[in-house]
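Visitor: One structure, as C-alpha cells, below. Some questions next.
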Amino acid sequence: MAKCLDSLDIVFRALADPTRRSVVARLAAGPATVGELAGDFAMALPSFVKHVRQLEAAGLVATRKSGRVRICTLERQPFRVVESWIDEQQRLWEERADRLEELVTTEEDSEDRP
C-alpha cells in the first residue's frame with residue numbers, strides 16, 4: 001500500500017503543473033515529438049524539457065529517440081493506479097453518505113411516531 005501511495009504522490013506532483021497537464025492532454029491524442037509539444041508553450045526548449053523529464057520520472061510519459069528527435073508517448077498504467085485510488089475514495093464516501101442518509105431517515109421516522 002505504501003508503494004501505491006508513493007506512486008500517487010509522484011503522479012499528482014507531476015500533474016500539479018498546468019504545463020505538464022497540457023502535455024498529457026495533448027499526448028492523449030497520440031505520440032508527438034518534444035519539439036511539437038514545446039511549440040504550444042512560450043518557454044525555452046530546455047525549460048520545457050524539464051517538464052517532459054518530470055512526466056517521464058512519474059511514469060506518465062515515455063520517450064524514445066528516433067534520429068535527431070525525441071518522441072513522447074503517454075503511458076497508461078500510472079493513470080490506472082490513480083483511477084483505482086479515486087474509485088476507492090468514491091466508494092468510501094458513498095458508504096459514508098449512505099450511512100448518514102440512513103441515520104437521518106431513521107431519526108425522522110422515530111420523530112414521526114407518537
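The numbers here are math on the coordinates, done by the rules we state, and not lab data. None of the values given here were measured: they were computed from a predicted structure. Positions of Cβ are backbone-derived with ideal geometry, glycine not excepted, and every protein chain shown enters the neighbour counts.
Visitor: Specify the residue that is nearest to residue 6 (Cα to Cα); the eligible residues are those in the range 55-70 that are in a strand (DSSP E or B) and not hydroxyl-bearing (Ser, Thr, Tyr). Can you show your working first?
Guide: Restricting attention to the range 55-70, the residues satisfying the condition of being in a strand (DSSP E or B) are 61-66, 69-70.
Next, from what is left, pick out any that are not hydroxyl-bearing (Ser, Thr, Tyr): 61-62, 64-65, 69-70.
Details: 61: 17, 62: 19, 64: 26, 65: 29, 69: 32, 70: 28 Å.
My answer is 61.
Visitor: Also, I was wondering about something else. Among the candidates 26, 13, single out the residue that is within 17 Å of residue 73 (Cβ to Cβ) and under 21 Å from the mean Cα position of the chain (by Cα). Let's see the steps before the verdict.
Guide: Working: 13 fails: within 17 Å of residue 73 (Cβ to Cβ).
Criteria check complete, one pass: 26.
Visitor: Going through the range 3-51 one residue at a time, which ones are of a type in the set (A, V, I, L, M, F, W, C) and touching a Ser or Thr at 6+ places or on another chain (Cβ under 7 Å)? Talk me through it step by step, then tell me what you get.
Guide: At the first step, the residues of the range 3-51 found to be of a type in the set (A, V, I, L, M, F, W, C) are 4-5, 8, 10-12, 14-16, 23-25, 27-29, 32, 34, 37-38, 41-45, 48-49.
Correct list: 27, 41.
Visitor: Please specify each residue of the range 23-34 satisfying the condition of being under 16 Å from residue 59 (Cα atoms) and either part of a loop (DSSP other than H, G, I, E, B) or hydroxyl-bearing (Ser, Thr, Tyr) (or both).
Guide: Within the range 23-34, 28, 31 qualify.
Visitor: Given the criteria under 18 Å from residue 26 (Cβ atoms) and among the hydrophobic types (A, V, I, L, M, F, W, C), does residue 82 qualify?
Guide: Working: under 18 Å from residue 26 (Cβ atoms): no; among the hydrophobic types (A, V, I, L, M, F, W, C): yes.
Against the criterion (under 18 Å from residue 26 (Cβ atoms) and among the hydrophobic types (A, V, I, L, M, F, W, C)), residue 82 does not qualify.
Residues are listed down the side, and each one gets a yes or a no for (1) surrounded by 15 or more Cβ atoms within 10 Å (Cβ to Cβ); (2) touching a helix residue (DSSP H, G or I) at 6+ places or on another chain (Cβ under 9 Å); (3) assigned to a loop (DSSP other than H, G, I, E, B):
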position: 21; (1), (2), (3): no, yes, no
position: 36; (1), (2), (3): no, yes, no
position: 46; (1), (2), (3): no, no, no
position: 50; (1), (2), (3): no, no, no
position: 53; (1), (2), (3): no, no, no
position: 78; (1), (2), (3): yes, yes, no
position: 91; (1), (2), (3): no, no, no
